[in-house]
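In what follows, a single structure is set out as structure tokens and then discussed.
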Amino acid sequence: MTFWKILGHLWNLPNTAIALLLAIGGKLSLDRDNRIIVVRGSLTGRVLGRCGYAGMCIGDIIFISQKLSPSTYRHEVAHARQGRLTGIFYLPLTLLGYLYGFLRYPMDIHRAHDASPMELWADIWSGNQERNLILAARRRDTHLR
């Protein structure tokens, strides 16, 4: 592993530590290719599933509530990469992004989620632009570009 990759993991370590606390009761496995920990069966994963989410990433940990499609898994891995770049600012940036989305689309939770800049970024990085409601609308309506 290169110096920059190690530095990214260290910069992301506070987020990963928070995620480890949320992983209690889950089964942890290692994805060596993407350098992340995958958690199944935790209370956090069960809550995600009840809220309709298949997965969530905090730090270098991905919580899975159900079987993820390859595109959703790539999306969550993209969030881990975001954390390695933004470090301690990842969680505040994510929360601010969701706040922006919910202020912009208060009556549409899915559009509000997809409007978050962190979600837009992850969908672009993971090649999931077609699944993001905001990016799809931009492609259809040329005046939004």
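The values are calculated or read from the model by the stated rules, or taken from the named source; none is laboratory data. Here the structure is a predicted model, which means the values were calculated and not measured. Here the Cβ is made from the backbone with ideal geometry for all residues, glycine too, and neighbour counts use every protein chain on show.
Tabulated data for the structure shown
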read-out: Flag for Asp141 being at negative phi, in contact (Cβ under 8 Å) with a residue 24 or more places away in the chain and acidic (Asp, Glu); value: no
read-out: Candidate set: region 65-87, residues that are among the aliphatic types (A, V, I, L, M) and assigned to a helix (DSSP H, G or I); chosen: the one farthest from Trp125 (Cα to Cα); value: Leu85
read-out: Residue list for region 105-127, restricted to those being among the hydrophobic types (A, V, I, L, M, F, W, C) and in a helix (DSSP H, G or I); value: Ile109, Ala112, Ala115, Met118, Leu120, Trp121, Ala122, Ile124, Trp125
read-out: Conditions (1) among the basic types (Lys, Arg); (2) in contact with a helix residue (DSSP H, G or I) (Cβ under 9 Å, 6 or more places away or on another chain); (3) without any contact (Cβ under 8 Å) to a residue 12 or more places away in the chain: number failed by Arg32; value: (2)
read-out: Candidates Ile24, Ile62, Ile37 - the one that is under 21 Å from Leu120 (Cα atoms) and not in a helix (DSSP H, G or I); value: Ile62
read-out: Phe102 part of a helix (DSSP H, G or I), surrounded by 13 or more Cβ atoms within 10 Å (Cβ to Cβ), touching a helix residue (DSSP H, G or I) at 6+ places or on another chain (Cβ under 6 Å) and not β-branched (Val, Ile, Thr); value: yes
read-out: Residue ID - surrounded by the most Cβ atoms within 10 Å (Cβ to Cβ), chosen from residues in region 59-73 that are of a type in the set (A, V, I, L, M) and farther than 16 Å from Ala17 by Cα; value: Ile64
read-out: Ile18 buried (at least 20 other Cβ atoms within 10 Å of the Cβ), touching a helix residue (DSSP H, G or I) at 6+ places or on another chain (Cβ under 9 Å) and either aliphatic (A, V, I, L, M) or touching a residue at least 60 places away in the same chain (Cβ under 8 Å) (or both); value: no
read-out: Selection count, region 88-103, where residues are of a type outside the set (Phe, Trp, Tyr) and in contact (Cβ under 8 Å) with a residue 40 or more places away in the chain; value: 2
read-out: Among the candidates Gly55, Gly127, Gly41, Gly59, residue that is small (Gly, Ala, Ser), touching a strand residue (DSSP E or B) at 6+ places or on another chain (Cβ under 9 Å) and under 22 Å from Lys5 (Cβ atoms); value: Gly59
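Condition check ((1) modelled with pLDDT of 95 or more; (2) among the aromatic types (Phe, Trp, Tyr); (3) under 15 Å from Leu22 (Cβ atoms)) across all residues:
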residue	(1), (2), (3)
Ile37	yes, no, yes
Ser42	no, no, yes
Val47	no, no, yes
Ala54	no, no, no
Cys57	yes, no, yes
His75	yes, no, no
Ile88	yes, no, no
Leu99	yes, no, no
